[in-house]
Structures are given as structure tokens and as C-alpha cells.
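What follows is one structure encoded as C-alpha cells, with my remarks underneath.
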Amino acid sequence: MNIYKGRVVTLNLEEIPLPNGNVAKLEVARHVPASSIVPMTDDEKQILLIRQFRPVIGQWAWEIPAGLIDPGEDPLTCAQRELEEETGWMTEKVEPVAAIHTSIGFTDEVIHIFKGVGLKQTQKKQEATEVIVEKFCTRDEVLRMIANREITDSKTLIGLFYVLLMPATGN
């Protein structure tokens, strides 16, 4: 049963069959998918982060650029579009890092995460509801921000984890 349908999320009461034959009755948030990108300089020594005011939590948050995937748009195109809109930068080389489920207990939201290398400045195209400043940070600065709990956004933490701590896959 549909409870609410919005631009980004639809809230349903659903009966979902389980592998053991039982049925789970759940409140489910069906969410539009999103993409994000960890933008890095050519030498991969600096990462471009954004600090964005998030009204839902009432505070500023350090993040990687991200946004909702438009209908018919592929995740890579979305990540590149959001990077340019939010920061005024583009990357020359992009590779997929992960696709994550943000909170599997109640929503089907998926965020695709990419790594972008080789920044070129273009023009910011921020939306009126976006209050964003960007900052280049060294790897050490980013790790310090994580250790000091200055970065709390899950997609950002996971993207940074993959890019900074996981060995390159050669993809």
C-alpha cells in the first residue's frame, strides 16, 4: 500500500515473502538512485571535498560531490554532472569504485561511487537550494578529518575508504 509518493522517495507498506516461507510486513522507502565521485588531482595527492549545509540535519557536512540520477541517465554521467555543478571542476579519468545500499533495513537507495582523477576547472552551476564551498585536502588531512569525526556522511566515508585504503584493482 502506498503511503506517500514524492519526487525522491515513495513510502510503502509492503508484504514481502521471505526465503523461509514467512511474510515480512515492512515500511519501505523506495528511493531514486544516486551517484557520487571522489575527485582527485592528477598526482592523486589531493582530494576535492565539499562542505555543504544540510537542512535535514541542521548542520554543515563534509562530503564528496553527489546527486540524484535523472531518468534515463547513467550513473557515470550523473557523477560527472554533479561534480561540475557543485564544484566547477571536471575530471579527465573516471573509474567505478562501488555501488552501496545506504540503509538496507528500510530503503532500496543505491549510491554509485566513482573515483575521478585529473581535475580541470569549468564553471559552477549550483542549484538555489545548494549552499556549498569546496576545499582541496591532502590525503593526510582527509584521514585526520575522518579520525576527528569531521566527516560523518556514509557515502563519503565509503568512497574515501575505497580510494585511500584499498589497493588499486587495475580496472
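Values quoted throughout were computed directly from the atomic coordinates according to the rules given, and no laboratory measurement underlies them. Since we're looking at a predicted model, the values are computed, not measured. Every residue, glycine among them, receives a Cβ derived from its backbone with ideal geometry; neighbour counts consider all protein chains shown.
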For this session: Enter the Cα centre distance for the pair region 1-74 and region 92-117, rounded to the nearest angstrom.
Result: 9
Exercise. If you count, for each residue, the other Cβ atoms within 10 Å and average over each peptide, how do 72-79, 8-15, 55-62, 20-27 line up from highest to lowest?
Worked result: 72-79, 8-15, 55-62, 20-27
Seminar exercise, completed: Length-normalised contact order of the chain, Cα under 8 Å, at least 6 apart, in percent, tallies to 24
Exercise. Taking neighbour counts of Cβ atoms within 10 Å as a proxy for exposure, in what order, fewest first, do H101, H112 appear?
Worked result: H101, H112
For this session: Please arrange E82, E44 by counting, for each residue, the other beta carbons lying within 10 Å of its beta carbon, fewest first.
Result: E44, E82
Seminar exercise, completed: Taking every C-alpha to C-alpha distance in region 1-103 and binning by 5 Å from 0, the per-bin percentages run 2, 10, 15, 18, 17, 13, 9, 7, 5, 3, 0
Problem set entry | Relative counts (whole %) of C-alpha pair distances in region 17-171, using bins that are 10 Å wide | 10, 39, 34, 11, 5, 1
Exercise. Put a dot 7 Å past each Cα toward the Cβ at S154 and E141; how far apart are the dots in nm?
Worked result: 2.8
Seminar exercise, completed: Whole-Hz Karplus couplings 3J(HN,Hα) for region 57-62, θ = phi - 60° and coefficients 6.51, -1.76, 1.60, Gly and Pro as x, run 9, x, 7, 6, 9, 7
